[in-house]
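Please treat every number below as a calculation from the coordinates, not as lab data. On a predicted model such as this, the values are computed, not experimentally measured, just so you know. Heads up, the Cβs are rebuilt from the backbone with ideal geometry, glycines too, and the neighbour counts pull from every protein chain shown.
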Amino acid sequence: MIYNIFHKNKLLIIILCISLTYCINLYSNTIGESTGYKIPRFVSLQSNESNLRIGPRIDFPIILKYNKKNFPVEIIDESGQWRQTKDIEGNVGWMHESLFQGDRYGLINTKHGEGAQILFKPEGKVKWEIGNNNIVKINKCILKWCNINYKNKHGWINKINLWGIYQNEKFNIPFYQSIINFIWQLTN
């Protein structure tokens, strides 16, 4: 009897499971009360001097000074004009919103400690290599790959070697990307 109910309503059960999964994914990220943007999210520092503070006010002590322009950090909370951030080392603190920029940057972070390979296209030939801890401009990201710039060179890097982008995040994809992907498959 249970088999008959499942068999007859299989399509309905599949639709309900897909809907439930979509709703869970839709509401798993919170929305920042100050900006209306998703939390967590990655941003980059716009200055060579940025202070990380214990709390969300200028009178809170500085716990860390960043001295790298374009350094990526993850925003994990908001309070007025202040953003709680986390860096690649796990340091957590508060920074003023004026310290961030709209351009996306990432940090080369391979699991094996050696440099990362930059390819002509996703799953293509190696174009050049880049060492760990270098900051790169993220131009766009598709499912498993990001197109980056570093010192007037560009290419594709596997997302697993890049900190500053989520593994499931797609970024700056043009409407014609599916055509490009198809051409890449033909030229392999």
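Segment Lys38..Lys65, full-extension length gain: 7.2 nm, with 0.36 nm per residue of separation and the alpha-carbon distance subtracted.
If you filter region 58-110 for trypsin sites (Lys or Arg not before Pro), then keep DSSP loop positions with at most 16 other Cβ within 10 Å, what is left? Passing both the DSSP loop test and the Cβ count: Lys68, Lys69.
Cross-link reach is defined here as a Cα-Cα straight distance under 15 Å, omitting same-chain residues fewer than 8 places apart; for Lys140 the aspartates and glutamates meeting it are Asp103, Glu169. Couplings for region 172-183, taken from phi via the Karplus curve 6.51 cos²θ - 1.76 cosθ + 1.60 with θ = phi - 60°, read 6, 7, x, 4, 9, 4, 5, 5, 4, 4, 5, 4 Hz in order; Gly and Pro are left as x. Cross-link pairs exceeding 23 Å between alpha carbons, from the set Lys38/Lys86; Lys69/Lys144; Lys86/Lys127; Lys86/Lys170: Lys69/Lys144; Lys86/Lys127.
Among the chymotrypsin sites (Phe, Trp or Tyr not before Pro) within region 35-128, which fall in a DSSP loop and have no more than 16 other Cβ atoms within 10 Å of their own Cβ?
In loop regions of region 35-128 (DSSP not H, G, I, E or B), the sparsely surrounded chymotrypsin sites (Phe, Trp or Tyr not before Pro) are Tyr37, Phe120.
Exposure proxy for His112, His96: other Cβ atoms within 10 Å of each Cβ, ordered fewest to most, give His112, His96. Can you give the Rg/Rh ratio of region 107-186, where Rg is from the C-alpha atoms and Rh is the Kirkwood radius? Using only Cα positions, Rg/Rh for region 107-186 is 0.95.
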